[in-house]
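Notes to accompany the following structure.
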Amino acid sequence: MIGDHPTRLFVNPRQGVPGVVVLTEGGFRRAVAEITAWPGYAPTPLRELPPQGFASLHYKDEAGRFGLGSFKALGGAYAVQKLVVGELARAGIRATGAEVFAGRHAPGVTVTCATDGNHGRSVAWGARRCRAGCVIFVHPGVTQGRRDAIAAYGAEIREVPGNYDDSVRAATAAAQTHGWHVISDTSWPGYTEPPRDVMQGYRLMAEEALAAMPSPPTHVFIQGGVGGVAAAVAVQLRARRIPAKLVVAEPEAAACLLLSAERGALSVVSGDLPTLMAGLACGEPSLLAWQELERSAHAFMAVPDAAAVEAMRWLADLGIVAGESAVAGLVAAILAGRAGALGLGPDSRVLVFGTEGATDPELYARLVTEPFTPPS
């Protein structure tokens, strides 16, 4: 079980302030129509966990998503499909998304992105399905197991120095040089459309979970990273008119969204970002995600790596496989509930998202069986 650990908690004073529309309902409907038509689509399970002092605690288990092991299968691959349809149209070829995803056209394009593992795997899978070339940029902290999983879909892997944010810049520069197309899960001024498509795909995970809840949640905890998935969940809560408190959870070494909330403006955490939660080791928030979260998140929390490992082991004892980046929200919910924070109590219906399974099986096996040494 999860022990007592220190956390950072910041309640967002800007919640409810009017803002821009980041994700349209029409865009979401198009994403749902395409993704649910993919071979092998099925909603992932919503599992009820021991309630931990709440009325209920539900865990959306993304370990089996399309065989890729994470929710990111919904985003990057959809953005690739949409881009290829558009590029074919510009070449005078009318093709449906289904035809493109079935590999019936050779678009003659190459896509690229940076990744900590899961997003690159989704982009590479989508590129193979759509017959596009694919080059994925990684930083030294991306494990060999995750690199191999990406390369298995035919992508070229290129390592660059620095952290995730440095690899984003390297992928963008290479795309400009070679005429490739960037399919990023983060956004910045002048680059927003593929990340918007990625986030629309993520909304399907939130919709599945909310549709499966026996009663609407009062609190929703979701991982941070660059913020794309948290923003997608926030938009879907609003679309369903569910007034749950949304709490964004991040590793204490890479809490760029929490820092942005504290400062009241998009802010960057620099350095090596030494966290075990590799998929959340992001120092620069996505512009689109921040535009949504600065007005819709109720609070931001930072949690330690040691608690994440304890959560992985607890879930393993329950028969649930959760990777190290899957459990920040679960940790935050339990620790906040234990502290009596955020209005959590015996009447609370809590929803958390287990965003990945064992996407690096060797690392997962070590973490759930061996003594934990924090990264340095």
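The values are calculated or read from the model by the stated rules, or taken from the named source; none is laboratory data. Predicted model, so just to flag it, every value in this text is computed and none were measured. Glycine also receives a Cβ, built like all others from the backbone with ideal geometry; neighbour counts cover every protein chain displayed.
Scan segment 14-26 for residues that are touching a residue at least 60 places away in the same chain (Cβ under 8 Å) and not aliphatic (A, V, I, L, M) and jot them down. Within segment 14-26, 14, 15, 16, 18, 19, 25 qualify. The condition of being within 22 Å of the chain's Cα centre (by Cα), assigned by TED's automatic domain parsing to the domain that holds residue 221 and more than 24 Å from residue 9 (Cβ to Cβ) holds for only one of 361, 304, that being 361. Pairs, please: C-beta under 6 Å, at least 6 apart or cross-chain, first residue under 15 Å from residue 275 (Cα atoms) and in segment 293-322, second of a type in the set (Asp, Glu) and not in a helix (DSSP H, G or I)? Listed by first residue and then by second, the contacts come to 302/250; 302/252; 304/252; 308/324. Comparison of 323, 343 shows that the only residue that is part of a loop (DSSP other than H, G, I, E, B), of a type in the set (Gly, Ala, Ser) and surrounded by fewer than 16 Cβ atoms within 10 Å (Cβ to Cβ) is 343. Residue 249 fulfils the conditions (1) in contact with a Gly (Cβ under 7 Å, 6 or more places away or on another chain); (2) part of a loop (DSSP other than H, G, I, E, B); (3) touching a residue at least 24 places away in the same chain (Cβ under 8 Å) except for a single criterion, (2). Take residue 179 and decide whether it is touching a helix residue (DSSP H, G or I) at 6+ places or on another chain (Cβ under 9 Å) and outside the structural domain of residue 283 (by TED's automatic domain parsing). No, not satisfied. Could you tell me whether residue 63 is closer than 18 Å to residue 229 by Cβ, among the aliphatic types (A, V, I, L, M) and not assigned by TED's automatic domain parsing to the domain that holds residue 171? In short, yes. If you go through segment 341-376 and keep only what is in contact (Cβ under 8 Å) with a residue 60 or more places away in the chain, hydrophobic (A, V, I, L, M, F, W, C) and touching a helix residue (DSSP H, G or I) at 6+ places or on another chain (Cβ under 8 Å), you end up with 342, 344, 350, 351, 352, 353, 358, 363, 367, 372.
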